[in-house]
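Worksheet: the structure to be examined is printed underneath.
Derivation of every value follows stated rules applied to the coordinates shown; laboratory data play no part. This one's a predicted model, so the numbers in the text were calculated from it and none came from an experiment. Backbone-built Cβ (ideal geometry, glycine too); neighbour counts: all protein chains shown.
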Amino acid sequence: NYAQSSWKVGINVTPSLSIPQTSLSLPSPKERFTYSLGIDALYYYNQNIFIKSGIDYSQRSLLVAKDIPDTRFAYDPITGRIDYNKIGNIEISEIYHSVVLPIILNYRFVEAEKSSFIISGGVELGYMFQQKSIANSTVGGGSSESESRNKLIASLNLGLGLYQPISKNILLIVMPKYLFDFYPSKENNNISFHTIGLGVELYLSLN
């Protein structure tokens, strides 16, 4: 009743689009490009059911402010005058860096070693280790500042994708997926994300 290879290991990358949900009003646009990548393993209970787990790096991004006046270069200390052409705008974003442990249950619709559809569902448990704030000015360029956060995060994960054996020992999975990400609150601001991604996963059989 077991699959020919009970274990597969591989790599994955998931470009995605995240839409933040916060208790504070944020500037538009709210959608931000993000991604995750990592090393995962598949364990097969049988030819239809298998579990995915591993260790991934995950990134989420939040636009927290825009169109803030930047007057740092507008004042001339010699003449005491303000050059209004040198007044710019600042946009501030926050990027959250995390390591994530996925625990995903997958169901494959056919047993033969050929192309098939799979559905998946599970959770991702993570640890956010860093927050990076980036300020971009139209007149002063960009600057950034990083700080440790040391917070736990979690995500619900649902997907429907293509299971494509390339050879006897190599497997490709292409998985459009939806995640709802729970992030720690900051300064009484509750943060979560609706994330839509396209996972591309390549695995090698171990036995």
Stretched fully, the stretch from Ile68 through Val200 gains (0.36 nm per residue minus C-alpha distance, one decimal, in nm) 43.7 nm
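How big is the Cα convex hull of the stretch 136-186 in projection, averaged over all directions, in nm²?
The Cα convex hull of the stretch 136-186, projected and averaged over all directions, gives 7.7 nm².
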Would you mind calculating the gained length between Ile19 and Asn190 on full extension (0.36 nm times residue separation, minus the Cα-Cα distance), in nm to one decimal? 60.2 nm
With DSSP loop assignment and no more than 12 other C-beta atoms within 10 Å, the chymotrypsin sites (Phe, Trp or Tyr not before Pro) in the stretch 95-132 are Phe109
To the nearest 0.05, how large is the calculated FRET efficiency for Val174 and Asn48 if R₀ is 22 Å and r is the Cβ-Cβ distance? 0.75
Karplus ³J(HN,Hα) for the stretch 45-54 (6.51 cos²θ - 1.76 cosθ + 1.60, θ = phi - 60°; Hz, whole; x = Gly/Pro) runs 6, 8, 6, 9, 10, 8, 10, 10, 8, x
Checking the cross-link filter: which lysines have an alpha carbon closer than 18 Å to that of Lys86, excluding same-chain neighbours under 8 positions apart? Lys66
In vacuum, with every alpha carbon of the chain counted as one equal point scatterer, what does the Debye formula give for log10 I(q)/I(0) at q = 0.07, 0.09, 0.17 Å⁻¹? Two decimals, please. -0.31, -0.46, -1.08
